[in-house]
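Asker: Next up is a structure, given as structure tokens.
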Amino acid sequence: MHSERPADADTDGEVASPSAAPRSSMLGLHRTERRLFLRVADLVALNSALMLYLHARDPAGLGLSAEPAFASLLWQQPLWFLVPTALWLIVAQAFDAYRLQIARQYLPSAAAVLKSAVVVLLLYMAIPYLTPTLPPSRRYWLILFGSTFGLLLVARGLYVLTLGRSVFRRATLIVGAGWAGQTIAQALLENDAGTHRIVGFVDDDAGMLDRRVPVPAADANGAQLTSIDAQASRVLGTRDDLKSLVRRHRIRTLVLAVTDELDPELFRILTDSLELGVEIVPMSRLYEQITGRVPVEHVGGDWHLAMPLEHPGTGTLQPMLKRVFDILAASFGLLMLAPFLPLIALAIRLESPGPIFYTQRRIGRGGRLFRVFKFRSMQRDAEEGDAVWSQARDPRVTKVGKILRASHVDEFPQFLNILRGEMSAVGPRPERPEFLERLAADIPFYTVRHAVKPGMAGWALVNCGYGSSMADALRKLQYDLYYIKHQSVALDIVIILKTVLHSLGLQGR
């Protein structure tokens, strides 16, 4: 159960002291339950504001025979409410409105929902036929936007004041005090957003009893976090004490951070603990839930938890929907690019002699080689010699290239790769074959990225940007495996929206 290997994870949160735990801690809510509460509260606020706006409008101007009551509005024009609901669920996700680290703090949470509301309402009013037209009167604009903002802010305030309290945290016991236990404790401390309250550790090493487990953690700015209580970081007992510890501390979650294969005796003890109403979750699965990454270096014998054995891409319907989505997205992208192509080409040529476009060998699905298209952003012949990772402030990049890269416009010719079926709109970024052998040798599961088509946009790209080192490649792989396991058209839309936001903010490398 114990290993001497040190933890090495990096993820912002807080773990409360067990001495402060209330006896009513059985109210602890799952992360999924918290997100459900937030979604329901936001949608109630959004649709209530829409009802106030519609109720204030002239019924005849809305095509209604008589002024409808609040309850009957939904039945007379259901699309007027279904459309903003669908828009909200996608846009709010792109603005991280349901990221619990943000939702637990009022000001960041308020900013996320207000930005989402502005985008949703503007899109809503721009859709013909499916939505009511907004009259020119400023009064109605004020009613719609004012009530939406106000109700959303109230809903988020209620979340912070209620579910943000310690009474709703899940009392958590970590089974295993070695590197896996330290890693998940660190991830909980930095990323969990107050969902779990670490009570302590259990380990079979009698020499560890009552000793403090080192749990290094840092916030987003790199400052050390010390909010984990000294008692919560101690080993409270061995496997034989597990059931008594569950009863004594009202444990809701057991995190199985065992690096060796689960032996029959520990399996029996864990099975017996289920009758006490606890959930038992493997360390790697909880890590994946709270970070959005698959901990490939921490799965141990549970390799199947990292491998996307039955990912959505192995089916029939998902690949068909994804291909249709890819063709539509690439066609639209090329249509939008066409008017600006002469200006981009002229700018590239005026600053640096050479070709407008640039091709480079990359590895696609199944390990097949293909040539990726890009606008040239470097000096001519910059790639002569050994292949190297592109670094920040790369001297080979031209002035025009810096703008193209910051806005991701240099990648737009890859719409052609998408139409040719070599790439997808969303997926792991394609790697250069010059780096593959070293990366595959040093990083577990690296070639699993080739189970799907590479993408222009990606889950790793919007979360950690472009990589320029082996450590960056490992972190990107963690995100890529998460995407492969959870891919869907809805997730693709969210990733594309996040990429658009990155582009508008000039956050490209």
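Asker: Are there any pairs with C-beta distances below 7 angstrom linking a residue in segment 29-41 that is at pLDDT below 85 to a residue that is open to solvent by less than 20 Å² (accessible area, probe 1.4 Å), with the two at least 6 apart or on different chains, and if so which?
Answerer: Qualifying pairs under 7 Å: 29/163; 31/100; 31/195.
Asker: Right, here's the next one. Which residues, taken from segment 453-491, are touching a strand residue (DSSP E or B) at 6+ places or on another chain (Cβ under 7 Å) and aliphatic (A, V, I, L, M)?
Answerer: Result: 456, 457.
Asker: Step by step: first the residues of segment 152-208, then only those that are buried (at least 22 other Cβ atoms within 10 Å of the Cβ), among the β-branched types (Val, Ile, Thr) and at pLDDT 85 or above, then the one that is farthest from residue 30 (Cα to Cα). Which residue is that?
Answerer: For segment 152-208, the residue satisfying everything is 202.
Asker: Further question on the same structure: Which of the residues spanning segment 149-169 are over 23 Å from the mean Cα position of the chain (by Cα) and not in a helix (DSSP H, G or I)?
Answerer: 165
Asker: Which number in (1) open to solvent by 50 Å² or more (accessible area, probe 1.4 Å); (2) of a type outside the set (Gly, Ala, Ser); (3) at pLDDT below 75 marks the one condition that residue 241 misses?
Answerer: (3) is the only condition that residue 241 fails.
Asker: Hey, among 269, 228, which residue is of a type in the set (Val, Ile, Thr), within 16 Å of residue 173 (Cβ to Cβ) and at pLDDT below 80?
Answerer: From the options 269, 228, the qualifying one is 228.
Asker: Tell me, please, whether a residue that is over 25 Å from residue 34 (Cβ atoms), outside any helix (DSSP H, G or I) and of a type outside the set (A, V, I, L, M, F, W, C) can be found in segment 110-128.
Answerer: Yes: segment 110-128 contains one or more residues that are over 25 Å from residue 34 (Cβ atoms), outside any helix (DSSP H, G or I) and of a type outside the set (A, V, I, L, M, F, W, C).
Asker: Could you please give the count of residues in segment 324-362 that are of a type in the set (Val, Ile, Thr) and part of a helix (DSSP H, G or I)?
Answerer: 4
Asker: Can you find a residue in segment 366-373 that is among the β-branched types (Val, Ile, Thr), within 14 Å of residue 412 (Cα to Cα), surrounded by 14 or more Cβ atoms within 10 Å (Cβ to Cβ) and in contact with a Lys or Arg (Cβ under 7 Å, 6 or more places away or on another chain)?
Answerer: Within segment 366-373 (the criterion being among the β-branched types (Val, Ile, Thr), within 14 Å of residue 412 (Cα to Cα), surrounded by 14 or more Cβ atoms within 10 Å (Cβ to Cβ) and in contact with a Lys or Arg (Cβ under 7 Å, 6 or more places away or on another chain)), the answer is yes, since at least one residue qualifies.
Asker: Please state which one of 278, 235, 246, 258 is of a type in the set (Val, Ile, Thr) and modelled with pLDDT under 85.
Answerer: The unique qualifying residue is 258.
Asker: Of everything in segment 339-355, what is open to solvent by 30 Å² or more (accessible area, probe 1.4 Å) and of a type outside the set (Asp, Glu)? Give them in sequence order.
Answerer: Scanning segment 339-355 gives 339, 340, 341, 342, 343, 346, 347, 349, 350, 353, 355.
Asker: Let me ask you something else. Which one is farthest from residue 471 (Cα to Cα) among residues in segment 422-453 that are assigned to a loop (DSSP other than H, G, I, E, B) and of a type in the set (Asp, Glu)?
Answerer: Top of the filtered list is 422.
Asker: Which one of the conditions (1) among the hydroxyl-bearing types (Ser, Thr, Tyr); (2) modelled with pLDDT of 85 or more; (3) under 22 Å from the mean Cα position of the chain (by Cα) does residue 331 fail to meet, given that it meets all the rest?
Answerer: Of (1) among the hydroxyl-bearing types (Ser, Thr, Tyr); (2) modelled with pLDDT of 85 or more; (3) under 22 Å from the mean Cα position of the chain (by Cα), only one is false for residue 331: (3).
The values are calculated or read from the model by the stated rules, or taken from the named source; none is laboratory data. Nothing here was measured: the structure is a model prediction, and the numbers come from that model. No Cβ is skipped: glycine too gets one built from the backbone with ideal geometry, and neighbour counts run over all protein chains shown. These accessible areas exclude ligands, DNA and RNA; they are computed on the full protein's heavy atoms, side chains included. Shrake-Rupley method; radii C 1.70, N 1.55, O 1.52, S 1.80 Å.
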